[in-house]
Amino acid sequence: MACAHTHEPQFDGMSADYKRRLIAVMIINFAGFALEMTAGALSGSQALKADALDFFADGVTYLISFLVIGQALWLRASAALAKGISLLLMGLWVAGSTLYQLFFLGMPQPEVMGVVGFIALLANVASVLLLVRYAEGDANVRSVWLCSRNDAIGNVAVMGAAGLVFVFNSGWPDLVVAGIMAGLFLHSASRVITQALGELRQGEPAGHGHPHHHH
């Protein structure tokens, strides 16, 4: 694997094989979203619903990444900004609905949580394996890889929550995990939005009087 530090070989997603893999991963993620959202609603688990949104966010991320492969920087940055805003909204939704459930505590069904969490983990591992050849690349390509890795952590957390709900016979662990995931959404959102805004400023036509500061 030659890694010359010029801008030539940097992989930006322009490859038929990568696109095929991206489409496969997209399908896996939307299927995971449908599965977990349904299971979350049926089992009353907040953590499952939060994890489902994670799948949805990634499906959208992959879709956007797929659409902007090889496009101009400002377009890719605008897409990233849209991703950031959607993450922000999801984080707020998870946080809000988790708070709502704190006051109307229903006990989630840990068996469903555990089984579905495990299936979700397999789905994410499949995504990672499909994309691992392309872990290095531009920000867009890289974000795909980081997303998948973070999701696997989320799935494990859901399974952990299921175990604790079962052991303590209480809905608290589920809500704690959902709360943590809401926090992660908000944290990622702020980072993505900041980076996208920076790239948008760089991508502006010359003459806007933005001196280029080197960090």
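The values are calculated or read from the model by the stated rules, or taken from the named source; none is laboratory data. None of the values given here were measured: they were computed from a predicted structure. As a convention, Cβ positions derive from the backbone with ideal geometry for all residues, glycine included, and neighbour counts pool all protein chains shown.
Summary of values
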read-out	value
Any hit, the range 67-83, residues being hydroxyl-bearing (Ser, Thr, Tyr) and either at pLDDT 85 or above or out of contact with any Leu (no Cβ under 9 Å at 6 or more places or on another chain) (or both)	no
Conditions (1) within 25 Å of GLU199 (Cα to Cα); (2) aliphatic (A, V, I, L, M); (3) surrounded by fewer than 15 Cβ atoms within 10 Å (Cβ to Cβ): number failed by ALA41	(1)
Set VAL192, VAL167, VAL177: member being closer than 18 Å to SER43 by Cα, crowded, with 17+ Cβ neighbours inside 10 Å and modelled with pLDDT of 70 or more	VAL177
So VAL156, is it surrounded by fewer than 23 Cβ atoms within 10 Å (Cβ to Cβ), among the β-branched types (Val, Ile, Thr), at pLDDT 80 or above and more than 23 Å from VAL68 (Cβ to Cβ)	yes
Exclusive hit being among the polar types (S, T, N, Q), in a helix (DSSP H, G or I) and at pLDDT 85 or above, set THR38, THR61	THR38
Verdict on LEU102 being modelled with pLDDT under 80 and under 21 Å from THR38 (Cα atoms)	yes
Close pairs (7 angstrom Cβ cut-off, 6 or more residues apart or separate chains): within 14 Å of ASN29 (Cα to Cα) in the range 148-163, surrounded by 21 or more Cβ atoms within 10 Å (Cβ to Cβ) and of a type in the set (Gly, Ala, Ser) anywhere	SER148/SER127; ASN155/GLY117; ASN155/ALA120
